[in-house]
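Encoded as structure tokens, the structure appears first; notes follow it.
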Amino acid sequence: ADKAFELGSRLWDMTQLTAAYLHNYTNPEVEWLYGGSTQPDQSTYIPSNHLLGMFDENDARRKYGFGMSNQNANYVLVSKLATGVDLRQSIRTSEATLNSAEANVQLNNLTAAMNDLNALRRYRIPNYVDENITDKALLLQAVRDERRKEFCYELFRWFDLRRYGMPSISHVYKAEPGQPDQTYILKEKDPMYVLPFPNSLLIRNPALEQNPSAKMGERPGN
């Protein structure tokens, strides 16, 4: 992370935004774009109220990274990722900043970690007032919450949850209109964090060792 800044990386002041933004090479934080357009219709997975509620009401990432659907004022879409393009993920300065913050927390360099966190927030939240979190556990959670806000819908979350020790998570899902909501739970360190290999791969490569989740059967909702 330090090397990235030594080579000239800098944070982008998003508090000056007046319209929706995209991750492309016009973003001064972006070092490299990669990945494909795996979700041509952004309405496939809309942000939860819980995720949206994590943002400060003035946060530029909330204000300009999400937008209302033209058809329904209550239908929130992710606008920071362009659809129908070949490259949509990026390696950028904010990742280096939050990597540095998380590493500093784990190394007990809490002042340095807080400096990293405040530096990013100043460029995301207008009129942000620096915080001073001195409890290690609380500061680590604050850094992880910031990662979730900064990188949502950019394929970071699953890898972060794996690093965090695979905590228990739940998801409320309605299979069909008119049916009751079903809550699906992934338990702590659940084998279903990794899906089974499809049989077609096992046939092609018999040396593959099947994941334990293959023996668990269908996960019912409650």
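For Tyr173, the accessible area of its heavy atoms, probed at 1.4 Å with every protein chain present, is near 110 square angstrom. For the set Glu218, Glu131, Glu29, solvent exposure ranked by accessible area (probe 1.4 Å, protein chains only) runs largest to smallest as Glu218, Glu131, Glu29.
Each helix, a run of at least 4 DSSP H residues, gives -39500 (n - 2.57); summed and divided by the residues of the chain, these come to -9000 deg cm²/dmol at 222 nm. I'd like the distance between the alpha-carbon centres of the stretch 180-196 and the stretch 119-165, rounded to an integer number of Å. Here the two parts' Cα centres lie 24 Å apart.
Candidate cross-link partners of Lys80 among the aspartates and glutamates, defined by an alpha-carbon separation under 19 Å and a same-chain spacing of 8 or more, comprise Asp13, Glu29, Glu31, Asp41, Asp56, Glu57, Asp59, Glu95, Asp145, Glu146, Glu150, Glu154. Dipole magnitude for the chain: about 340 debye, using +1 per Lys or Arg Cβ and -1 per Asp or Glu Cβ, origin at the Cα centre. Seen from every direction in turn and averaged, the convex hull around the alpha carbons of the chain projects onto 16.0 nm². The trypsin sites (Lys or Arg not before Pro) found in the stretch 163-222 that occupy coil by DSSP, while having at most 10 further C-beta atoms within 10 Å, are Lys189. Extension gain, Met216 to Ser48, is 57.7 nm, computed as 0.36 nm per intervening residue step minus the present C-alpha separation. Between the residues Pro177, Leu117, Tyr153, the greatest Cα displacement towards the positive end of the dipole of the stretch 112-222, with unit charges on the Cβ of Lys, Arg, Asp and Glu, is found for Tyr153.
For the stretch 107-218, the equivalent ellipsoid derived from the Cα gyration tensor has semi-axes of 37, 20, 14 Å, listed largest first.
Under a 5 Å amide H cut-off, with hydrogens placed 1.01 Å from N, Ser90 pairs with Tyr34 among residues at least 5 apart or on other chains.
Split the accessible area of the chain by element, probe 1.4 Å, and carbon with sulfur accounts for 53%. Looking at the chain, the accessible area is 62 square angstrom per residue; that uses a 1.4 Å probe and ignores ligands, DNA and RNA. Bridgeable lysines around Lys187 (alpha carbons under 24 Å apart, same-chain partners fewer than 8 residues away excluded): Lys149, Lys174, Lys215. When the surface is traced with a 1.4 Å probe over the full set of protein chains, Ile133 keeps roughly 30 Å² accessible. With a 1.4 Å probe rolled over the protein heavy atoms of all chains, the accessible area of Leu201, Leu138 falls in the order Leu138, Leu201, largest first.
Against the criterion of solvent-accessible heavy-atom surface with a 1.4 angstrom probe, Phe197, Phe66, Phe159 sort, most first, into Phe159, Phe197, Phe66. For Met216, the accessible surface of its heavy atoms amounts to roughly 80 Å² (probe 1.4 Å, protein chains only, rounded to the nearest 10).
The values are calculated or read from the model by the stated rules, or taken from the named source; none is laboratory data. Fair warning: this is a prediction, and the values are worked out from it, not measured in the lab. Note that each Cβ is placed from the backbone with ideal geometry, even for glycine, and that neighbours are counted across all protein chains shown. The accessibility values were calculated without ligands, DNA or RNA, using every heavy atom of the protein model including side chains. Shrake-Rupley method; radii C 1.70, N 1.55, O 1.52, S 1.80 Å.
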